Amino acid sequence: MSWFSQTLTSSIGKKLLMALTGLFLISFLVIHATINAMIFYNDGGETFTHWGHFMGTNPIVRTLEIGLIIGFLVHIVDGLILWKNNSEARPIKYAMNKPSANSTWYSRSMGLLGTLLLIFLVIHTAHFWIPNRSNQFATGEELNLYQMMLDIFQNPLVVLIYVLGCISLFWHLLHGFKSAFQTLGLNHIKYNGAINFLGTAFSIVVPILFALMPISIYLGWVY
């Protein structure tokens, strides 16, 4: 197993781990966005609550949730390590050349964008996931997450924080989606166009969908 540990601790291994955990978390975003988007049925939260209850009580989903938490932690720690290593490798940052000629600003700012997303993730879990899971452990019952959303998103400052978090998510995904495929060697001239299109579309649609939720509730479009 030494070769395995050496691979994971190498620069290439860290990038592979970042790509794999990133794609895993992207699959979670699809599910999370789909469930949350059910508030737009505007049926008093009936559809959202039904599927939210399924996700919150199904034993298979609850087991996978452990893997999701591990995936988040590994992705965050690995990202911070890569950011630190890249910074140390360039003690004099682009003194003689223009970085914009070789890369985009958001590709050079993945560490910063990831840190902003981490802060947002802490706020988001503190609003919903932690209180709900704590109540489940204490009483065996779920909280009314739909009503919690209606209450929490009456605060314009909270809505602004969520929108800013979605903007950070957009930039993070815009580079991370395509970068993951490239790191895994899944790029080819025949497929790069499709991957770029899918990555850009995903990076736009998912953050907009997430941002529309607090905005719609605050403006009274969802009630």
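The values are calculated or read from the model by the stated rules, or taken from the named source; none is laboratory data. Computed from a predicted structure; not experimentally measured. All Cβ positions, glycine included, derive from the backbone under ideal geometry; neighbour counts span all protein chains shown. All accessible areas refer to the heavy atoms of the entire protein, side chains included, with ligands and DNA or RNA removed. Shrake-Rupley method; radii C 1.70, N 1.55, O 1.52, S 1.80 Å.
Quick notes
- Test for G140: is it open to solvent by 50 Å² or more (accessible area, probe 1.4 Å), out of contact with any Asp or Glu (no Cβ under 6 Å at 6 or more places or on another chain) and on the phi > 0 side of the Ramachandran plot: yes
Residue by residue, here is whether (1) over 18 Å from the mean Cα position of the chain (by Cα); (2) assigned to a loop (DSSP other than H, G, I, E, B); (3) free of Cβ contacts under 8 Å to residues at least 12 places away in the same chain; (4) under 29 Å from L186 (Cβ atoms) holds:
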residue	(1), (2), (3), (4)
F24	no, no, no, yes
S27	no, no, yes, yes
H32	no, no, yes, yes
A37	no, no, no, yes
D43	yes, yes, yes, no
F48	yes, no, no, no
H53	yes, no, no, no
G56	yes, no, no, no
R62	yes, no, yes, no
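- Checked against (1) open to solvent by less than 80 Å² (accessible area, probe 1.4 Å); (2) at pLDDT 75 or above; (3) over 22 Å from the mean Cα position of the chain (by Cα), A95 passes all but a single condition, namely (2).
- Taking the criterion of being under 17 Å from G176 (Cα atoms), surrounded by 13 or more Cβ atoms within 10 Å (Cβ to Cβ) and at pLDDT below 80, the residues of region 98-114 that qualify are Y106, S107, R108, S109, M110, G111, L112.
- Any hit, region 210-220, residues being part of a helix (DSSP H, G or I), open to solvent by less than 20 Å² (accessible area, probe 1.4 Å), of a type in the set (S, T, N, Q) and at pLDDT 95 or above: yes
- Residues that are in a loop (DSSP other than H, G, I, E, B) and open to solvent by less than 40 Å² (accessible area, probe 1.4 Å), drawn from region 143-164: F153
- Subset of region 45-80 [within 30 Å of G114 (Cβ to Cβ), surrounded by 15 or more Cβ atoms within 10 Å (Cβ to Cβ) and among the β-branched types (V, I, T)]: V74, I76
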